[in-house]
1. So which residues in region 37-54 are outside any strand (DSSP E or B) and either of a type in the set (Gly, Ala, Ser) or within 16 Å of Arg11 (Cβ to Cβ) (or both)?
2. Hey, can you tell me all the residues within region 31-48 that are closer than 20 Å to Glu20 by Cα, among the aliphatic types (A, V, I, L, M) and out of contact with any Phe, Trp or Tyr (no Cβ under 9 Å at 6 or more places or on another chain)?
3. Please state which one of Arg17, Arg11 is basic (Lys, Arg), more than 16 Å from Ala82 (Cα to Cα) and touching an Asp or Glu at 6+ places or on another chain (Cβ under 8 Å).
4. With the requirement that a residue be surrounded by 13 or more Cβ atoms within 10 Å (Cβ to Cβ), touching a strand residue (DSSP E or B) at 6+ places or on another chain (Cβ under 6 Å), in contact (Cβ under 8 Å) with a residue 24 or more places away in the chain and closer than 19 Å to Val38 by Cβ, what does region 50-86 give you?
5. Of the conditions (1) part of a helix (DSSP H, G or I); (2) exposed (fewer than 13 other Cβ atoms within 10 Å of the Cβ), Gly5 satisfies every one except a single condition; which number is it?
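Just so it is clear, none of the values below were taken in a lab; they were calculated from the coordinates. Model, not experiment: these values are computed from the prediction. Glycine gets a Cβ as well: all are built from the backbone with ideal geometry, and neighbour counts include every protein chain shown.
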Amino acid sequence: MSGKGLIRSIRELNKYRGPEVGAELFSVDNLQIVVKFVGSFCQTCGFTIIFDDFRIILAQNDIKTTIAEIREIENGAIIRFALKVS
């Protein structure tokens, strides 16, 4: 997994989804990426669409994932993305 691709993905999501929601890297290892999303979220789009959008952005940067866990927190969520091994 490319660290540059991950940072690029977070920046891209924040560029297009801010100020409704912002993403911040929480942790990363060889098996998963954990990202904290905070904000008001788009009420008409639904809560989880942002997480799917982020998966698409990751894939465009050659990082294939699945959503392994969604943990709701105040004003957002912490999402664990499992890395797909090729």
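1. Going through region 37-54, the residues outside any strand (DSSP E or B) turn out to be 40-54.
Result: Ser40, Gly46, Ile50, Asp53, Phe54.
2. Val38 - this is the single residue of region 31-48 that is closer than 20 Å to Glu20 by Cα, among the aliphatic types (A, V, I, L, M) and out of contact with any Phe, Trp or Tyr (no Cβ under 9 Å at 6 or more places or on another chain).
3. Working: Arg11 fails: touching an Asp or Glu at 6+ places or on another chain (Cβ under 8 Å).
None of the other options fit; the residue is Arg17.
4. Within region 50-86, Ile50, Phe51, Arg55, Leu58, Gly76, Ala77, Ile78, Ile79, Arg80, Phe81 meet the criteria.
5. (2)
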